[in-house]
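To start, the structure itself, in structure tokens.
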Amino acid sequence: MDGMLIAAGAFTGLLVGLTGVGGGALMTPLLLLVFGVAPLAAVGTDLWFAAITKLFATRVHHGHGLIDWQVVKRLWLGSLTASAVTLVWMKLHPVDATAVTLLKTAIAAAVLVTALGMIFQRQLHALGRKLRTTDGEQFKAVQGPLTVLAGAVLGVLVTLTSVGAGALGAVFLAYLYPLRLTPPRLIATDIVHAIPLAIFAGLGHLLIGNVNFGLLGNLLLGSIPAVIVGAMLSARLPHALLRGALAVVLLSIGVKLWW
């Protein structure tokens with residue numbers, strides 16, 4: 001048992017429960033920058049960390065009836081298919097020493113894009129609301145295909161870097177479903193979508209040998225109780241303030257990773 005790892009898992013789990021964000025965007029950089037974990041091991045371990053942690057949050061959200069299953073199924077159609085294609089590509093093109101540097105850069109870029117997406121989420125939500133109310137029929141006609149496409153983008157990104165399922169998924173949903181998904185429903189729907197995606201991608205990394213089970217166990221000791229508490233509090237706390245603060249933190253982490 002490692003106290004620092006357990007504390008990191010608890011902190012990340014609490015944020016996941018409160019905001020739906022942090023399973024990959026926060027934990028993977030922490031593993032790289034603070035604990036010195038190798039990039040491939042960080043990605044593979046974090047995928048399972050995110051999946052198991054969010055599974056416990058889902059039980060709370062499902063009990064509150066917050067999950068929009070139609071939206072979840074549309075996302076899965078794109079994300080699981082894209083993840084499978086990405087895993088096949090990774091199997092045919094193993095990551096060598098040179099590619100590790102590119103992987104670190106990809107993780108940094110994913111964190112930066114995630115942070116920027118969170119910062120401008122309100123503007124994207126307003127744009128989606130405007131299009132939905134002024135040209136509702138056309139917007140609804142492309143809503144389904146765009147949701148599948150958003151899922152595909154998340155599938156590739158999460159499989160390669162473990163980053164994006166929560167934060168970018170929430171940004172996409174805020175734009176595509178500005179009237180249908182209230183903040184608590186958006187968080188619940190986003191979390192439920194991310195679980196099979198993380199498991200699917202995590203299985204591929206497990207077969208490659210990128211999962212550190214000792215590390216994973218310590219992180220889960222902290223995250224499981226914390227994510228349950230966060231999920232129970234998520235409907236009572238100011239989401240905009242929490243996500244704004246987290247976006248600033250991720251932006252700083254992304255810049256640090258990039259350099």
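The values are calculated or read from the model by the stated rules, or taken from the named source; none is laboratory data. Source: prediction; values computed, not measured. Cβ coordinates were reconstructed from backbone atoms using ideal geometry, including for glycine residues, and neighbour counts include every protein chain displayed. Remember, those area values only see protein heavy atoms, side chains included, never the ligands or the DNA or RNA. Shrake-Rupley method; radii C 1.70, N 1.55, O 1.52, S 1.80 Å.
Checking each residue in region 11-49 for being farther than 18 Å from Leu207 by Cα, of a type in the set (Gly, Ala, Ser) and crowded, with 20+ Cβ neighbours inside 10 Å picks out Gly13, Gly17, Gly20, Gly22, Gly23, Gly24, Ala25. Within region 152-175, the residues that satisfy the criterion of being part of a helix (DSSP H, G or I), closer than 15 Å to Trp76 by Cα and either open to solvent by 10 Å² or more (accessible area, probe 1.4 Å) or among the hydrophobic types (A, V, I, L, M, F, W, C) (or both) are Ala152, Val153, Leu154, Val156, Leu157, Val158, Leu168, Ala170, Phe172, Leu173. Residue pairs whose Cβ atoms lie under 9 Å apart, sitting 6 or more positions apart in sequence or on different chains, and linking a residue in region 36-54 that is more than 17 Å from Ala10 (Cβ to Cβ) to a partner that is basic (Lys, Arg), are Pro39/Lys104. Buried (at least 21 other Cβ atoms within 10 Å of the Cβ) and within 15 Å of the chain's Cα centre (by Cα): is that true of Ala226 in this structure? Judged against the criteria, Ala226 is not a match. Of all residues in region 88-105, those satisfying the criterion of being open to solvent by less than 40 Å² (accessible area, probe 1.4 Å) and modelled with pLDDT of 75 or more are Met90, Leu103. Reported count of residues in region 182-208, each being within 19 Å of Ala84 (Cβ to Cβ) and open to solvent by 30 Å² or more (accessible area, probe 1.4 Å), is 7.
Which of the residues spanning region 64-87 are among the β-branched types (Val, Ile, Thr) and either at pLDDT below 90 or surrounded by fewer than 19 Cβ atoms within 10 Å (Cβ to Cβ) (or both)? Across region 64-87, the qualifying residues are Ile67, Thr81, Val85, Thr86. Scanning region 243-253 for residues that are closer than 24 Å to Thr101 by Cβ and within 15 Å of the chain's Cα centre (by Cα) yields a single hit, Leu250. Among the residues of region 238-248, the ones that are touching a residue at least 12 places away in the same chain (Cβ under 8 Å) and either of a type in the set (Gly, Ala, Ser) or open to solvent by 70 Å² or more (accessible area, probe 1.4 Å) (or both) come to 4 in all.
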